[in-house]
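What follows draws every value from the coordinates through simple rules; no lab data is involved. Please read all numbers here as calculations on a predicted model, not as lab measurements. Please note: Cβ atoms are built from the backbone with ideal geometry, for glycine as well, and neighbour counts cover all protein chains shown.
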Amino acid sequence: MANEKLKKACTRQELENISYLTIAIRYKKQPVSAIIFLFENIAYAYINVCMHMQRLLNCERDAIFDETGKYLRCSMHGFVFDPKTGECQSPVCFGQRLQTLRLQELEGVFYFAEKHLTLNEDDHD
Ligand code: FES
């Protein structure tokens, strides 16, 4: 029964064609945005909230990576993050992390593997 309702995020093919996706979700009953992307061919997902001033990473620009493509970057004040861990590399918030959302891949489809996450279409709590 554990997997009776998988929470589908997106397909690998969708991620291969773009730099990132955002999906409206609920996490711990709060409406938030999730960012999902491939980095070195591995998919990562985080709640799209920068810990500095609670802004979306893509609030000022339609981008979540810096120009090197090696770091996530918040478009508000430019803080950068390790894409593999979500850890902030900029001095003010050094070491703090974006909230990770675990993903599970089954036959080219990614699902959120998070108990406290619901998709907006499952809004019945
Ligand atoms: S709000 Fe993200 S760097 Fe300031």
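Of the residues 17, 48, which single one is free of Cβ contacts under 8 Å to residues at least 12 places away in the same chain and either closer than 28 Å to residue 92 by Cα or among the polar types (S, T, N, Q) (or both)? Give the steps one after another, and end with the answer.
Numbers: 48 fails: free of Cβ contacts under 8 Å to residues at least 12 places away in the same chain.
From the options 17, 48, the qualifying one is 17.
Residues to consider are 63, 45; find the one that is within 17 Å of residue 119 (Cα to Cα) and touching a Lys or Arg at 6+ places or on another chain (Cβ under 9 Å).
Values: 63 fails: within 17 Å of residue 119 (Cα to Cα).
Selected residue: 45, the only one of 63, 45 that is within 17 Å of residue 119 (Cα to Cα) and touching a Lys or Arg at 6+ places or on another chain (Cβ under 9 Å).
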Elements of type strands (runs of 3 or more DSSP E) in the range 67-119, at least 2 residues being crowded, with 16+ Cβ neighbours inside 10 Å: 109-112, 117-119
Top-ranked residue in the range 78-103 [being without any contact (Cβ under 8 Å) to a residue 12 or more places away in the chain and in contact with a strand residue (DSSP E or B) (Cβ under 8 Å, 6 or more places away or on another chain); ranked as nearest to residue 49 (Cα to Cα)]: 87
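In the list 82, 66, which residue meets the criterion of being over 25 Å from residue 105 (Cα atoms) and either among the acidic types (Asp, Glu) or touching a helix residue (DSSP H, G or I) at 6+ places or on another chain (Cβ under 6 Å) (or both)? Even if it seems obvious, please write down each step before you answer.
On the way: 82 fails: over 25 Å from residue 105 (Cα atoms).
One residue alone meets the criteria, 66.
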Any hit, the range 24-43, residues being in a strand (DSSP E or B), within 16 Å of the ligand (Cβ to nearest atom) and β-branched (Val, Ile, Thr): yes
Which numbered condition residue 57 misses (of (1) in contact with a Leu (Cβ under 7 Å, 6 or more places away or on another chain); (2) away from the ligand (no atom under 16 Å from the Cβ)): (2)
Contacts under 6 angstrom Cβ, first residue in the range 52-64 being touching a residue at least 24 places away in the same chain (Cβ under 8 Å), partner among the aromatic types (Phe, Trp, Tyr) and within 9 Å of the ligand (Cβ to nearest atom), 6 or more apart: 52/79
